[in-house]
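First comes the structure, then the notes that go with it.
The values are calculated or read from the model by the stated rules, or taken from the named source; none is laboratory data. Keep in mind that this is a model prediction, so the values were computed, not measured. When we count neighbours, we look across all protein chains shown, and the Cβ atoms used for this are built from the backbone with ideal geometry, even at glycine.
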Amino acid sequence: MRVLEDDAVLTDARINQLRGAAEAEERFQHLSEIIASPAHTPVRFYEVLKATCDAREKLDMESPVSNGPARLAIFAAEVKSLVEAGEPMEYHEIEKRLKLVGRREFKRRARHMGEEILVPGSREVMWLEADRKGGPVANLPQSFTPSETKAVFEVILEAVAEVLAARTVSGAN
């Protein structure tokens, strides 16, 4: 296993994760036969492998499969068939083929709707969803304080009032 520099400060939880990764590495040691560059395989790969096994084991205990092999047995068979194929590949390709738990995309928070827009002259980001079904949404940078948010809202209110006034004058509603 290759331990990254950010693992320099080890908490009890991190030590448990590393133990779990070591268990997964030992349990699936035959997997290292097909990893193209085992020296460059990060600990995270084995942590994800362990998490996948744990998740399948938990599912097997909570809702057993009535007609067929257990989920964990299916996973072990997938690993075995991958190893038996003998095709060398990088660890991230193995993650994709085995559909490991850690490969999931993270959900965007509800407040991060629409297009990400960089605020000119800063590193702050705003979000704009102009075509949203329930009406347009704009989100301010998360670093704003409540007073800054109120100040910006006042400016927005004035701009909205001007647009609505112009709409009324022109007769368009």
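Details
- Within region 1-35, considering residues that are modelled with pLDDT under 85 and not in a helix (DSSP H, G or I), the one surrounded by the most Cβ atoms within 10 Å (Cβ to Cβ): M1
- Filtered residues of region 39-49 (kept if in a helix (DSSP H, G or I) and either surrounded by 15 or more Cβ atoms within 10 Å (Cβ to Cβ) or touching an Asp or Glu at 6+ places or on another chain (Cβ under 9 Å) (or both)): H40, V43, R44, F45, Y46, E47, V48, L49
One line per residue, one yes/no per condition, for (1) part of a helix (DSSP H, G or I); (2) in the same structural domain as E23 (by TED's automatic domain parsing); (3) surrounded by 14 or more Cβ atoms within 10 Å (Cβ to Cβ):
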| residue | (1), (2), (3) |
| --- | --- |
| A51 | yes, yes, yes |
| E57 | yes, yes, yes |
| M61 | yes, yes, no |
| N67 | no, yes, no |
| L72 | yes, yes, yes |
| A76 | yes, yes, yes |
| E87 | no, yes, no |
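- Odd one out for P141, checked against (1) in a loop (DSSP other than H, G, I, E, B); (2) out of contact with any strand residue (DSSP E or B) (no Cβ under 9 Å at 6 or more places or on another chain): (2)
- If only residues of region 24-73 that are β-branched (V, I, T) and in contact (Cβ under 8 Å) with a residue 12 or more places away in the chain are counted, the one that is nearest to E95 (Cα to Cα) is V48.
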